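> I have a structure I would like to understand better, so I am pasting it below and will then ask my questions one at a time.
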Amino acid sequence: MEDLGVLPTLDNTILQNKLQYNAHFGSQEVATALGRGLGVLHALQVDQDTKDALRNPNSDDVVFELAVKGVEDKLASLGVGDSAVLGNRVATAFEDSKQLIYEQEGLRPANVPVVLSMGDFWPASVLVDGENHRLGLIGWEFAHTSLPLSDIAQFCGSTKSLPCQYRSLTP
């Protein structure tokens, strides 16, 4: 681990169009580096001691309050007719995923591993050092074990606030 100094975050870099004009460290290179980094993180072996050490009910509560609880209202504000039903499904899926990861390991399909997850993976958590072609990740306070797509889903969902031409950073 090293101090990368004061660097812009990925969302600020995108909003300032700095990736668009950098032929050596543009959006494709950044997306590839992020994918490789997540691959390395998700490939780490996670044993029961690690799962227990990273279990953080307080962060689960924060995620629920900030991200899950507001889904129904957000959908309603977008004119989605079944917002209450869909909001309830998201809340139920959130609780079910915790059960699969923490308490009922036998219910999770054998081919779906529990992986180490950053827990707060979004463009503002990615530092961009375009000059040295490096990325850094900040904000590990929500790190936990999760299902493999949780980091990717969070990143993709959070890019909806970025300009349309940069949504190609997401799979």
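> First measure r as the distance between the Cβ atoms of Asp129 and Asn58, then evaluate 1/(1 + (r/R0)^6) with R0 = 41 Å and state the FRET efficiency to the nearest 0.05.
Numbers: r = 32 Å, r/R0 = 0.78.
In this case the efficiency is close to 0.80.
> At a Förster radius of 45 Å, what calculated FRET efficiency corresponds to the Cβ-Cβ distance of Asp96 and Glu29, to the nearest 0.05? All intermediate terms of the calculation are to be shown ahead of the outcome.
On the way: r = 37 Å, r/R0 = 0.82.
E between Asp96 and Glu29, to the nearest 0.05, is 0.75.
> In a shell of Cβ-Cβ distance under 9 Å around Thr145, excluding Thr145 itself, what net charge do Lys and Arg (+1) and Asp and Glu (-1) give? It would help to have the intermediate numbers written out before the result.
Values: positive: Lys51, Arg55; negative: none.
Once positives and negatives cancel, what remains is +2.
> Run the quick spin-label model on Asn111 and Arg89: label points 7 Å from Cα toward the beta carbon, then report their separation in nm to one decimal.
2.4 nm
> At R0 = 22 Å, how high is the FRET efficiency between Lys69 and Ala143 if r is their beta carbon distance? Nearest 0.05 is fine. Intermediate results must be reported in sequence, preceding the final value.
Values: r = 22 Å, r/R0 = 0.98.
So the FRET efficiency works out to roughly 0.55.
Throughout, read-outs are computed from the coordinates displayed, never taken from laboratory work. In this text, all values refer to a predicted model and were calculated from it rather than measured experimentally. Glycine also receives a Cβ, built like all others from the backbone with ideal geometry; neighbour counts cover every protein chain displayed.
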